[in-house]
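Each remark here refers to the structure printed beneath this line.
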Ligand code: FAD
């Protein structure tokens, strides 16, 4: 497998193209995902990220009105999907690994599985709070922050395993990516504090950053400038999400804590139906991508969220 940083270096100043996909909902097969990804292969994405979804809790009513708390994972299978996509498309896949829901031991086992599968890239994240909790709380025996996860991966990269006295232990060789927020992570007290912790992730061993989605390129350029001033000098891949439905005008800001520019909001509000919104979304993301490509940024990373036809249209305009 090729590491993300090597893909970027091999591109010799051109921007690389990559996508992020979500595992299918529990109980659904993988065929739909294959069909979704297939048309994108023409544009030679360098890698596919596969998100990780932690458990959620629901309450089921039992006899006598008692409620039973049940833990369910709605989108399981991240590691298996990575292996299946590698097998099917001969492409590098990047599993997201998260703190929430994992003990350090479970993380170590997952990393061992990845290493055996020949997967040498991971995107290290904290993860969000469980939907029924108001704020993120670490799993007992797990990590608090993405930076702690990076330290664990880096330790394995130097042959150090948990509670282990194995001599001459095998060193893994993971390339570690992390998340960055051009509009600040929503919990951070301010932009510069967030940047301070991003720098900490880089100092601990992160080799590239993927940004949260943004719809105004000025936010990305400002973020990159601020990162460079803070001494963060690793590649910053831009996360692009083509808007696809009218309700995303409120859903995306509330989930991802991002702003949508006036011009985009006005254009979407004028649309009669979601087919028209999709077209607006394609045109907006195409214009965004063209400008970013002119600036020779390291990479464009498209959030597919279960749809690829719009990304196919954008890719055919820009690559
Ligand atoms: P961290 O870097 O740990 O930061 C979290 C917050 O804590 C920030 O406010 C930061 O400023 C602060 N902070 C960091 N370190 C410290 C410290 N040492 N002391 C005090 N404060 C600190 N979520 C999923 O569940 N699954 C996914 O697959 C997934 N994929 C994603 C992919 C991308 C590209 C992005 C941008 C996000 C993704 N997320 C995913 C969402 C992500 O998990 C959330 O945004 C989460 O709230 C923060 O994750 P992080 O890795 O940025 O956290």
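Computed from the coordinates by the stated procedures, all read-outs in this text should not be read as laboratory data. What you see is a predicted model, and the numbers here were worked out from it, not measured in a lab. Neighbour counts are summed over all protein chains in view; Cβ atoms, including those assigned to glycine, are modelled from backbone coordinates with ideal geometry.
So here's what we get for this one:
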quantity: Pairwise FRET efficiency - residue 169 versus residue 272, Cβ, R0 = 51 Å, nearest 0.05; calculated: 0.25
quantity: Protection-proxy order for peptides 115-124, 39-48, each taking the mean of Cβ atoms within 10 Å per residue, highest first; calculated: 115-124, 39-48
quantity: Estimated FRET transfer efficiency when R0 is 51 angstrom, pair residue 160-residue 290 (beta carbons, to 0.05); calculated: 0.65
quantity: Debye log10 I(q)/I(0) at q = 0.10, 0.17, 0.19 Å⁻¹ for region 185-272, Cα point scatterers; calculated: -0.31, -0.78, -0.92
quantity: Spacing of the two label points (7 Å from each Cα toward its C-beta) at residue 90 and residue 105, in nm; calculated: 4.1 nm
quantity: Value of [θ]222 nm, deg cm²/dmol, for the chain, DSSP H segments ≥ 4, -39500 (n - 2.57) each, nearest 500; calculated: -12000 deg cm²/dmol
quantity: Packing-based ranking, highest mean first, of 209-216, 165-172, 9-16 given that Cβ atoms within 10 Å are counted; calculated: 209-216, 9-16, 165-172
quantity: Cβ crowding within 10 Å averaged over residues, with 63-69, 220-226, 192-198, 131-137 ranked highest first; calculated: 220-226, 192-198, 131-137, 63-69
quantity: P(r) tail fraction, region 4-318 - alpha-carbon pairs more than 30 Å apart, %; calculated: 35 percent
quantity: Spin-label pair residue 38/residue 233, simplified geometry with 7 Å Cα→Cβ offset, distance in nm; calculated: 4.6 nm
quantity: For region 251-319, radius of gyration divided by Kirkwood radius, i.e. Rg to Rh on alpha-carbons; calculated: 0.96
quantity: The chain, relative contact order [Cα under 8 Å, separation at least 6], %; calculated: 20 percent
quantity: Euclidean distance of C-alpha centroids, region 170-195 and region 1-61, integer Å; calculated: 19 Å
quantity: All Cα pairs of region 34-139, percent lying beyond 17 Å; calculated: 61 percent
